[in-house]
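K.L.:
To start, I am sharing the structure in question, which I have written as structure tokens.
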Amino acid sequence: MVVMVAGFVTVLIRGTILSGGSTKVWEDAYEGSRLSIFEALYLNLLGLWIVLVCAVFCGLVMYSHYKNCDPWTAGFISAPDQLMPYFVMDIFSSMPGVPGLFVACAFSGTLSTVAASINALATVTFEDLVKQCLPNLSEKKSTWISKGLCRYSPSCSLGLCLFSTSTGCTLHSRDVWGSHAGIIYPGNYLSLC
């Protein structure tokens with residue numbers, strides 16, 4: 001989380017300076033009716049608040065920076081989700097190495113989410129399948145099996161994704177995780193084709 005927040009803060013500072021200061025960002029956001037999003041914020045977790053607030057302010061800074069020339073409508077980028085990386089490369093083009101901080105932030109957030117999902121998947125698989133089939137496992141063997149599940153679950157999920165693309169099935173990541181944790185693989189996949 002520290003790396004993610006550091007990346008957001010770096011983009012916020014540089015973007016705010018290039019947009020004319022924080023007062024200018026707020027004025028532009030108010031004039032463009034971009035401040036109504038605060039109604040959607042709710043108290044969940046402190047970390048979520050920090051990341052969410054940083055993302056919102058980065059959006060306001062990007063709006064202020066690009067209010068006269070939207071990179072998406074101008075054709076500089078092909079999708080709206082490319083706006084933040086484009087903005088980072090735009091404002092940090094004169095500072096070598098700094099865009100790498102943004103890449104580290106993106107990978108940090110993604111990898112932590114994937115790691116938590118893999119751990120949860122391995123735990124559920126172990127508790128619901130392995131423990132039911134082999135109830136008298138020693139603590140040492142249970143640990144080794146859990147570690148093995150953590151190691152090989154991503155490979156199985158990737159294999160299932162590759163299998164689904166080769167059969168012409170349309171498959172979402174939630175279907176892969178859900179079906180991988182389930183006991184009947186073929187039934188889940190045959191129903192999608």
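The values are calculated or read from the model by the stated rules, or taken from the named source; none is laboratory data. Everything numeric in this text was worked out from a predicted model, so none of it was measured. Because the Cβ atoms are built from the backbone with ideal geometry, glycine has one as well, and the counts that use them run over all protein chains shown. Please note that ligands, DNA and RNA were not included when accessible areas were found on the heavy atoms of the full protein model with its side chains. Shrake-Rupley method; radii C 1.70, N 1.55, O 1.52, S 1.80 Å.
K.L.:
Which order do PHE126, PHE57 take when ranked by solvent-accessible area (1.4 Å probe, heavy atoms of all protein chains), largest first?
P.N.:
The ranking, largest first, comes out as PHE57, PHE126.
K.L.:
I need the peptides 77-83, 153-159 ranked by packing, meaning the mean over residues of other C-beta atoms within 10 angstrom, with the highest value on top.
P.N.:
Details: 77-83: 11.9, 153-159: 14.7.
Highest-to-lowest ranking by the protection proxy: 153-159, 77-83.
K.L.:
Could you tell me the distance between the Cα centroids of region 101-118 and region 1-33, to the nearest Å?
P.N.:
Centre-to-centre (Cα) distance: 23 Å.
K.L.:
Another question about this same structure. Over region 1-148, with every protein chain in place, what whole percent of the accessible area is carbon and sulfur at 1.4 Å, could you tell me?
P.N.:
66 percent
K.L.:
Now for a different question. So for ILE17, ILE91, ILE118, what's the accessible-area order with a 1.4 Å probe, most first?
P.N.:
Result, largest first: ILE17, ILE118, ILE91.
K.L.:
Can I ask one more? Run the 1.4 Å probe and let me know the accessible area of VAL2, rounded to the nearest 10 Å².
P.N.:
Looks like 120 Å² after rounding.
K.L.:
Indicate the gyration tensor shape class of region 51-103 (rounded, prolate or oblate), computed on the Cα atoms with a ≥ b ≥ c the square roots of the eigenvalues: a/c under 1.5 is rounded; otherwise a/b larger than b/c is prolate and the rest oblate. Don't jump to the answer; show the numbers that get you there.
P.N.:
Details: a/c = 1.65, a/b = 1.16, b/c = 1.43.
Taking the square roots of the gyration eigenvalues as a ≥ b ≥ c, region 51-103 is oblate.
K.L.:
If ligands, DNA and RNA are left out, what is the accessible area of ASP70 with a 1.4 Å probe, given in Å² to the nearest 10?
P.N.:
60 Å²
K.L.:
To make sure I understand the rule: partners must be aspartates and glutamates, Cα under 19 Å from the Cα of LYS147, and not fewer than 8 residues away in the same chain. Which ones qualify?
P.N.:
The qualifying aspartates and glutamates are GLU127, ASP128, GLU139.
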